[in-house]
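Enquirer: Got a structure here, written out as structure tokens. Questions coming.
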Amino acid sequence: MVMKHYPPEFKADAVALYESRPGSTIKSVADDLGINPETLRNWIRAAGRPTPRAAAPAATAPAATASSLEAENEALRRKVRELEEEREILRKAAKYFAGETRW
């Protein structure tokens, strides 16, 4: 099996992505990035961050009150920020790997 070498920026971005998603697991973030979960776990350990995390509690059905709508809006804003960060990480990775191609 060939070991892949990732740039330090990609590693830092992957760790930051894991930390920015409180309800996620290492496996889910690693799958999103297309890397091995143990690789991400090692990067998190190398960054001096704790790795264990409990599963997120199940979401409850939102009520039609103003406060629940505000909470839902905030959750959606968080999700948008998360997706934008993931997209940026993937763009950097694609740019890096495009430069590594030797035809």
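Enquirer: Could you check the spin-label model distance between residue 41 and residue 100? Points 7 Å from the Cα along Cα→Cβ, value in nm.
Expert: Modelled inter-label distance: 2.2 nm.
Enquirer: Here is a further query. Using a cut-off of 19 Å between alpha-carbon atoms, which aspartates and glutamates can reach residue 27, once sequence neighbours fewer than 8 places away in the same chain are excluded?
Expert: 13, 19, 38, 82, 85, 86
Enquirer: Determine which lysines satisfy two conditions relative to residue 95: a Cα distance under 20 Å, and not lying fewer than 8 residues away in the same chain.
Expert: The qualifying lysines are 4, 11.
Every read-out reported here was derived from the displayed coordinates using simple, explicitly stated rules and does not represent laboratory data. Worth saying up front: this structure is predicted, and the values here are computed from it rather than measured. Glycine gets a Cβ as well: all are built from the backbone with ideal geometry, and neighbour counts include every protein chain shown.
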